[in-house]
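To start, the structure itself, in C-alpha cells.
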Amino acid sequence: MQLQSFDESYVERLHAGDFRTQEHFVAYFSELIQLKLRSRLNSPQAIEDVRQETFARVFAALRAGKIRQPDRLGAFVNSMCNNVLLEHYRAHSRDDSLDEDEERDFPATNVDVLGAIANKQLAEKIREILEAMPERDRRLIREIFLEERDKDEVCSDFGVDRDYLRVLLHRAKQSFKSLYLKNVAARPPGALVVGKR
C-alpha cells in the first residue's frame with residue numbers, strides 16, 4: 001500500500017464532488033480504516049457500520065467547510081473514526097446484560113482470525129521495511145504519516161523549507177515503495193526478506 005499525502009487542491013476536488021478523487025479517497029481510507037478496526041471489532045458488519053458512518057461524517061464536514069488543514073486530512077479521518085468507534089462501544093455496552101458478561105470468558109466464535117493475522121503481518125512488514133530505509137527517509141515517513149506531525153515542525157527539525165520537504169518526502173515514499181515491491185516480489189509464501197543497509 002502506498003502512503004498518501006494530501007493538499008488543498010485534493011480537498012477542493014473532494015468538496016466539489018470530483019468522482020475520481022472521491023473514489024480514490026474512499027478506497028484509500030477504507031483500507032486504513034479496515035486495518036484499524038479488524039483488531040478492535042469482531043464482526044464484519046460492525047466494521048462496515050463504523051466505516052460507513054466515518055465516511056458519512058467526513059463528507060458532511062467537507063460540505064460544511066470544516067476541514068481547514070488539508071495536509072492533516074489523514075489525522076482528521078482517523079479522529080473521526082475514533083469518535084465513531086467510541087460511540088459504537090458505548091451503544092453496545094448499554095445493550096449488554098450481566099448474563100453476557102459471563103459469556104465473555106469464552107473466545108468469540110466470529111473473530112476474524114485471518115484478518116487479525118494479516119493485519120499483524122502487514123504491520124510487521126511495514127516496520128521491517130522502515131528499519132531497512134536510510135535514517136532520514138525512515139524519520140520522514142514516521143513523522144509525517146505515522147505520527148502525523150505538523151509539517152512546519154518537521155521542516156524546522158530537518159532545517160528545510162516546505163518545498164524541499166516535499167522533495168524529501170517524495171524520495172522517502174519512493175524508497176519505501178521500492179523496498180516494499182522488492183520484498184513482495186522476492187519473498188516465498190509466508191516469509192519476509194528485507195535487505196539491511
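Observations on the structure shown:
- For the stretch 1-88, the per residue solvent-accessible surface stands at 54 Å², with DNA, RNA and ligands left out and a 1.4 Å probe.
- Residue 36 accessible area, 1.4 Å probe, all protein chains in place, Å² to nearest 10: 40
- Per-residue SASA remark: residue 89, around 90 Å² accessible (1.4 Å probe; ligands, DNA and RNA not included).
- Rounded to the nearest 10 Å², the accessible area of residue 15 at probe 1.4 Å: 100
The values are calculated or read from the model by the stated rules, or taken from the named source; none is laboratory data. Note that the coordinates shown come from a computational prediction; the quantities given were computed from them, not determined experimentally. Only protein heavy atoms, including side chains, enter the accessible area calculation; ligands, DNA and RNA are left aside. Shrake-Rupley method; radii C 1.70, N 1.55, O 1.52, S 1.80 Å.
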